[in-house]
1. With respect to Gly76, determine if the residue is assigned by TED's automatic domain parsing to the domain that holds Val184 and crowded, with 19+ Cβ neighbours inside 10 Å.
2. Using the structure shown, decide if Gln281 is touching a His at 6+ places or on another chain (Cβ under 8 Å) and not assigned by TED's automatic domain parsing to the domain that holds Thr165.
3. So which of Gly132, Gly42, Gly84, Gly71 ends up being in contact with a helix residue (DSSP H, G or I) (Cβ under 7 Å, 6 or more places away or on another chain) and of a type in the set (Gly, Ala, Ser)?
4. Name the residues in the range 29-71 that are small (Gly, Ala, Ser) and either surrounded by 15 or more Cβ atoms within 10 Å (Cβ to Cβ) or not in a loop (DSSP other than H, G, I, E, B) (or both), would you?
5. Identify all residues within the range 278-302 that are part of a helix (DSSP H, G or I) and of a type outside the set (Phe, Trp, Tyr); write none if there are none.
6. Search the range 118-138 for residues that are in contact (Cβ under 8 Å) with a residue 24 or more places away in the chain and over 20 Å from Lys304 (Cβ atoms) and pair each with any residue that is of a type in the set (Val, Ile, Thr) and in a helix (DSSP H, G or I) when their beta-carbon atoms are under 7 Å apart and the residues are at least 6 apart or on different chains.
7. Restricting attention to helices (runs of 4 or more DSSP H) lying wholly within the range 93-161, give those where 1 or more residues are among the hydroxyl-bearing types (Ser, Thr, Tyr) and farther than 30 Å from Lys249 by Cα.
8. Out of all the residues in the range 77-113, which are closer than 27 Å to Phe227 by Cα and touching a strand residue (DSSP E or B) at 6+ places or on another chain (Cβ under 7 Å)?
Amino acid sequence: MRCVKCPDKAVIELRRHHSPFCKPHFIEYFENQVERAVRRQGMLSPDDRIMVAVSGGKDSLTLWYVLNRMGYNTTGLHIHLGIGEYSDASYDATLAFAKQHDLEVTTVDLSKTYGMNVPDLSKALRRVACSGCGLSKRYIMNKEAHERGFDVVATGHNLDDEAATLMGNVLHWQMGYLARQAPVLEATTEKLVKKVKPLYTVTERETAAYALLHGIDYVEEECPNAFGAKSLLYKDALNRIELESPGAKHQFLLQFFENARPRLEVGADEHELRDCAICGQATTTEVCAFCRMWQQAKRRVEQKEERRQLREAEAAAPTT
């Protein structure tokens with residue numbers, strides 16, 4: 001198979017564009033897609049200080065690599081979630097990438113900073129790990145960016161991620177989430193940093209191919225907590241549709257952004273923001289969701305320890 005732009009042999013075929021590409025032309029295509037997304041959505045400006053949320057996976061490392069190639073001022077943020085060997089490998093991959101490309105990276109260890117990691121939090125709250133993990137990551141990304149003076153937080157969400165999220169929100173008619181799902185979330189207050197998703201028009205397969213062609217060494221394993229996640233079910237369903245109708249995922253997501261979301265945004269409820277009474281970050285309630293969650297988890301851990309100590313005291317007490 002020949003490249004659509006030159007006589008060279010193609011290394012990848014993009015069915016949604018009916019286009020096979022050689023290595024140089026695929027790289028050109030990918031970077032043009034990212035650059036066009038950034039420009040059309042007004043994501044970034046040359047003077048922005050950009051914090052790139054970096055997990056150690058292909059999407060976030062590829063995003064960091066591309067933005068750096070485009071000349072943007074970037075710093076990585078890696079959150080060590082404490083999920084056993086998976087988190088250790090992710091941490092190592094992030095630091096190795098930063099060293100290889102002479103990039104600055106900031107790390108936050110969840111356990112050292114907040115007293116518990118994701119498995120601890122899940123156990124204490126008796127709920128699936130993903131909910132507490134996602135909330136914690138969003139909070140820390142914004143907090144770190146705000147306190148360190150960054151203008152934008154960039155995340156590596158790709159087309160597949162966004163389409164799967166949209167499917168889940170549509171199936172359950174999560175109107176609030178639908179109104180807020182966008183490639184750009186502007187800073188609505190001084191303590192909420194602008195969020196952008198420059199990879200939202202490129203697929204997971206395209207991102208993996210770009211990473212492979214550039215020799216980006218990333219963590220290939222899925223998070224062990226992702227097993228059974230609904231997002232994987234939605235991705236599988238969308239992939240089946242894509243197989244029969246190339247470009248369906250792209251149309252589903254882009255038409256939502258262009259036609260449906262503006263109407264939802266107009267009708268969305270606007271809540272007054274205030275400072276959290278505990279941490280001072282922006283929230284719509286007296287205490288933000290992050291602080292409420294961590295307070296509850298720590299309270300349950302303390303109660304469990306108190307019960308353990310009580311049982312030990314009762315067992316040690318002399319019998320009459």
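The values are calculated or read from the model by the stated rules, or taken from the named source; none is laboratory data. These numbers were taken from a predicted model, which means no experiment stands behind them. Don't worry about glycine lacking a Cβ; one is built from the backbone with ideal geometry, like all the others, and counts go over all protein chains shown.
1. yes
2. Against the criterion (touching a His at 6+ places or on another chain (Cβ under 8 Å) and not assigned by TED's automatic domain parsing to the domain that holds Thr165), Gln281 qualifies.
3. Just one listed residue meets the conditions, Gly132.
4. Listed by number, the residues that qualify are Ala37, Ala53, Ser55, Gly56, Gly57, Ser60.
5. Selection gives Ala289, Cys291, Arg292, Met293, Gln295, Gln296, Ala297, Lys298, Arg299, Arg300, Val301, Glu302.
6. So the pair list comes out as Cys133/Val118.
7. So the answer is 110-114, 118-125.
8. If the condition is that a residue be closer than 27 Å to Phe227 by Cα and touching a strand residue (DSSP E or B) at 6+ places or on another chain (Cβ under 7 Å), then Leu77, His78, Ile79, His80, Ser87, Tyr91, Thr94, Leu95, Thr107, Val108, Asp109, Leu110 are the ones that fit.
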